[in-house]
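**Q** The structure follows.
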Amino acid sequence: QVQLVESGGGLVQAGGSLRLSCAASRSIFSFNAMHWYRQAPGKQRELVAAMSSGGSTNYAESAKGRFTISRDNAKNTVYLQMNSLKPEDTAVYYCRADTALYAYWGQGTQVTVSS
């Protein structure tokens, strides 16, 4: 059983920064890819950023230039650095880890950006 634990959410003013963490219960090399998703109230969950096991990354248009996904292999942790935050970034942010057969999700962490 894989566990993903997100942390680092909170309340921040517009223009501020937050760094989210996703700690996995096993080596992140065992996953094909790691993702950050978000879900705002009344909206569908959407992909924010992704990183393959080889290190390639991709971002939603709304995240490009502001968010950075990275990883620390020794800590089995994936990060999402979020800068220049906007009120529309307010959402619950989820970590997802993919194997060939399953997609594992964390419990989410709330990010609230005030104007």
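The values are calculated or read from the model by the stated rules, or taken from the named source; none is laboratory data. The structure displayed is predicted, hence computed values, not measured ones. Cβ: placed from backbone, ideal geometry, glycine included. Neighbour counts: every protein chain shown. Surface accessibility is based on the protein's heavy atoms, side chains included, excluding ligands, DNA and RNA. Shrake-Rupley method; radii C 1.70, N 1.55, O 1.52, S 1.80 Å.
**Q** From the set of residues in the stretch 18-38 that are open to solvent by less than 60 Å² (accessible area, probe 1.4 Å) and either more than 16 Å from R96 (Cβ to Cβ) or of a type in the set (S, T, N, Q) (or both), which is nearest to the chain's Cα centre (by Cα)? Steps first, please.
**A** Let us first name the residues in the stretch 18-38 that are open to solvent by less than 60 Å² (accessible area, probe 1.4 Å), namely 18, 20-24, 27-28, 30-31, 33-38.
Checking the rest, the ones that are also either more than 16 Å from R96 (Cβ to Cβ) or of a type in the set (S, T, N, Q) (or both) come to 18, 21, 27, 30.
Details: L18: 11, S21: 7, S27: 17, S30: 18 Å.
Looking at residues that are open to solvent by less than 60 Å² (accessible area, probe 1.4 Å) and either more than 16 Å from R96 (Cβ to Cβ) or of a type in the set (S, T, N, Q) (or both), I get S21.
**Q** Which residue pairs have Cβ atoms under 9 Å apart, sit 6 or more places apart or on different chains, and have a first residue in the stretch 87-115 that is closer than 15 Å to A24 by Cα and in contact (Cβ under 8 Å) with a residue 24 or more places away in the chain and a second that is open to solvent by less than 40 Å² (accessible area, probe 1.4 Å) and of a type in the set (K, R)?
**A** Once the first residue is closer than 15 Å to A24 by Cα and in contact (Cβ under 8 Å) with a residue 24 or more places away in the chain and sits in the stretch 87-115, its partners that are open to solvent by less than 40 Å² (accessible area, probe 1.4 Å) and of a type in the set (K, R) give Y94/R38; G108/R38.
**Q** Same structure, new question: Which condition breaks for S115 when tested against (1) open to solvent by 60 Å² or more (accessible area, probe 1.4 Å); (2) closer than 17 Å to Q3 by Cα; (3) of a type in the set (G, A, S)?
**A** For S115, the failing item is (2).
**Q** While we're here: Contact list please: Cβ distance under 9 Å, first residue in the stretch 59-73 and in contact (Cβ under 8 Å) with a residue 40 or more places away in the chain and within 17 Å of R96 (Cα to Cα), second residue aromatic (F, W, Y) and open to solvent by less than 70 Å² (accessible area, probe 1.4 Å), pairs at least six apart or on different chains.
**A** R71/Y79
**Q** So how many residues does the stretch 64-79 have that are assigned to a strand (DSSP E or B) and surrounded by fewer than 18 Cβ atoms within 10 Å (Cβ to Cβ)? Before the answer, list the steps.
**A** Of the stretch 64-79, the ones assigned to a strand (DSSP E or B) are 67-72, 77-79.
Checking which are surrounded by fewer than 18 Cβ atoms within 10 Å (Cβ to Cβ) leaves us with 68, 70, 72.
Qualifying residue count for the region: 3.
**Q** Further, regarding this structure: Please go through the stretch 80-115 and give me each residue that is assigned to a loop (DSSP other than H, G, I, E, B) and among the aromatic types (F, W, Y), ordered by number.
**A** First, pick out the residues of the stretch 80-115 that are assigned to a loop (DSSP other than H, G, I, E, B): 83-86, 90, 99-102, 106-108, 115.
Selection gives Y102 alone.
**Q** Among the candidates Q81, Q13, Q1, which residue alone is over 13 Å from T109 (Cα atoms) and within 14 Å of the chain's Cα centre (by Cα)? Reasoning before the result, please.
**A** Details: Q13 fails: within 14 Å of the chain's Cα centre (by Cα); Q1 fails: within 14 Å of the chain's Cα centre (by Cα).
The conditions single out Q81.
**Q** For residues that are loosely packed, with under 15 Cβ neighbours inside 10 Å and over 15 Å from D89 (Cβ atoms), tally how many sit in the stretch 39-56.
**A** Going through the stretch 39-56, the residues loosely packed, with under 15 Cβ neighbours inside 10 Å turn out to be 39-44, 46-47, 52-56.
With over 15 Å from D89 (Cβ atoms) added as a condition, the list becomes 42, 44, 52-56.
The qualifying residues number 7.
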